[in-house]
């Protein structure tokens, strides 16, 4: 009877361990799924804030036609902040900093009482904090453990993609202001020329990084995306060199420059979308 009791107890213990492991596994999967949702949510906020930076700088430099776009972007950002997904970010210090910073920056953008350089700088500091927040969120939800191949982490390639998009976004913001003013001179010329070089180098590094990802499922889509990135960035750089960084009165419309820059950013962000979509579908076998 004693051996039967020991055997029964062993079975019960094994069942408990198996059950507990299954629960922990489901909790881990749920945590990763939530992290993916928050990553996409933060990407939307960053993208909207980048557009707000470029639009508000163009308005501050004299393009009043873009004021309705500015108001619309502010409304979109307010809605993103008020959403349920954002409530889950309140435990992160960077979110509190952003939530405090944004209302003031929004008012300054509408009032036009900040100098152009300060306006752009305030946006860039805010977006840098959002990228730092995104890094913390992905780590907190174990996305840094998700691998696309033996060497490439989902979190790293996503952050690298967003950082390249941010460099292009800064180029959009400065260039939009220059086009609105109609002349490229002074500090803006120096900054835009520096950003032009930075966009070229960081994009080239990103494309090389994409090409090293050894994932059969993603190979074709990433190849197509990297080609589109190179093409759109090349068109933007050509526009900057031939139509913005020039002496005298500019003839380039702000909307044309903004849209060309945005297309380049969108192509970069397609890589982010491809990887996050893949992670959302395959996360159970990527950790």
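Since every read-out is calculated from the coordinates, none of them should be taken as a lab result. A quick note: this is a predicted structure, and the numbers were derived from the prediction, not measured. As a convention, Cβ positions derive from the backbone with ideal geometry for all residues, glycine included, and neighbour counts pool all protein chains shown.
Annotations
- Cα-Cα separations in the stretch 44-183 greater than 18 Å, expressed as whole percent: 57 percent
- In summary, the convex hull built on the alpha carbon positions of the stretch 132-181 has an orientation-averaged projected area of 4.1 nm².
- Each peptide in 262-272, 243-253 gets a packing score, the mean of other Cβ atoms within 10 Å over its residues, and the list from highest to lowest is 262-272, 243-253.
- Relative contact order of the chain: 24 percent, from C-alpha pairs under 8 Å at least 6 residues apart in sequence.
- Alpha carbon centroid spacing (whole Å) that separates the stretch 208-269 from the stretch 172-198: 17 Å
- Note on the stretch 155-273: Rg/Rh from C-alpha atoms, Kirkwood Rh, equals 1.03.
- Fraction in percent of alpha-carbon pairs per bin - 10 Å, the stretch 188-231: 26, 42, 21, 10, 1
- On Cα atoms only, tilt of 186-211 relative to the major axis of the chain in degrees: 30 degrees
- Crossing angle, helix 2-60 versus the chain [Cα axis fit, 0-90 degrees, rounded to tens]: 0 degrees
- Order of 167, 90, 39 under a 10 Å beta carbon neighbour criterion, fewest first: 90, 167, 39
- Legend: P(r) of the stretch 34-285 from all alpha carbon pair distances, 10 Å bins from 0, whole percents, reading 7, 31, 34, 22, 6, 0.
- Tilt relative to the chain, helix 93-111 - C-alpha long axis, 0 to 90 degrees, to 10: 20 degrees
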